[in-house]
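A short write-up of the structure that comes next.
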Amino acid sequence: MAIRYEKDYLMRLMQNFFLALDRIVNARRNQEYEQVYSELEVTFMAFFERNLAFFEAMTPEEIVAFFKDDPYPTEKVEMVAMLLFEAGVVAPEPEVQRRRLTTVNTLIEHISGIRRSVSLDHMAKQQYIRRQLGGEE
């Protein structure tokens with residue numbers, strides 16, 4: 001029974017997260033950048049009880065460590081990476097974009113190492129990051 005409850009919880013968590021992420025992506029595609037930042041803040045607070053600035057101030061290693069005692073650490077790290085990616089895409093300043101996307105790239109590498117698998121979404125994000133950072137990463 002407990003395993004089923006945990007799977008149901010994780011499924012609901014991810015469904016709600018992807019609904020929120022969809023709102024962020026749609027706002028970005030419509031170039032509604034104030035809405036993107038508003039949705040990012042709401043989503044960070046709803047799922048992590050922390051804001052964008054909290055995670056932005058952390059290194060990738062600190063983000064991973066932050067979730068080490070969470071029942072779903074890899075999923076939470078991936079959720080933060082997805083949100084930081086969206087924040088990086090719309091960053092108004094090149095240095096802010098570089099910092100966010102570099103963090104995302106490192107988090108994706110961590111997730112891939114844990115799962116020992118390749119995600120097409122992660123590969124696409126990493127290709128985008130390399131293009132944005134001038135092929136550095």
* To do: Might you let me know whether the range 63-77 holds any residue that is free of Cβ contacts under 8 Å to residues at least 40 places away in the same chain, closer than 26 Å to Tyr33 by Cα and either part of a helix (DSSP H, G or I) or in contact with a Gly (Cβ under 6 Å, 6 or more places away or on another chain) (or both)?
  => yes
* Asked: Among the residues of the range 1-60 satisfying the criterion of being under 18 Å from Lys76 (Cβ atoms), touching a residue at least 60 places away in the same chain (Cβ under 8 Å) and aliphatic (A, V, I, L, M), which is surrounded by the most Cβ atoms within 10 Å (Cβ to Cβ)?
  -> Ile24
* Asked: Can you name every residue in the range 41-80 that is closer than 21 Å to Leu101 by Cβ and β-branched (Val, Ile, Thr)?
  -> Thr43, Thr59, Ile63, Val64, Thr74, Val77, Val80
* Residues of the range 30-62 classified as in a loop (DSSP other than H, G, I, E, B) and either at pLDDT below 95 or over 14 Å from the mean Cα position of the chain (by Cα) (or both), total -> 5
* Report yes if Val80 is hydrophobic (A, V, I, L, M, F, W, C) and at pLDDT 95 or above, otherwise no. => yes
* Asked: Looking at the range 104-127, which of its residues are in contact with a helix residue (DSSP H, G or I) (Cβ under 8 Å, 6 or more places away or on another chain) and of a type in the set (A, V, I, L, M)?
  -> Val104, Leu107, Ile108, Ile111, Ile114, Val118
* Asked: Of all residues in the range 89-120, how many are modelled with pLDDT of 90 or more, loosely packed, with under 12 Cβ neighbours inside 10 Å and farther than 22 Å from Glu62 by Cα?
  -> 4
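The values are calculated or read from the model by the stated rules, or taken from the named source; none is laboratory data. Quick caveat: nothing in here was measured; it's all calculated off a predicted structure. Because the Cβ atoms are built from the backbone with ideal geometry, glycine has one as well, and the counts that use them run over all protein chains shown.
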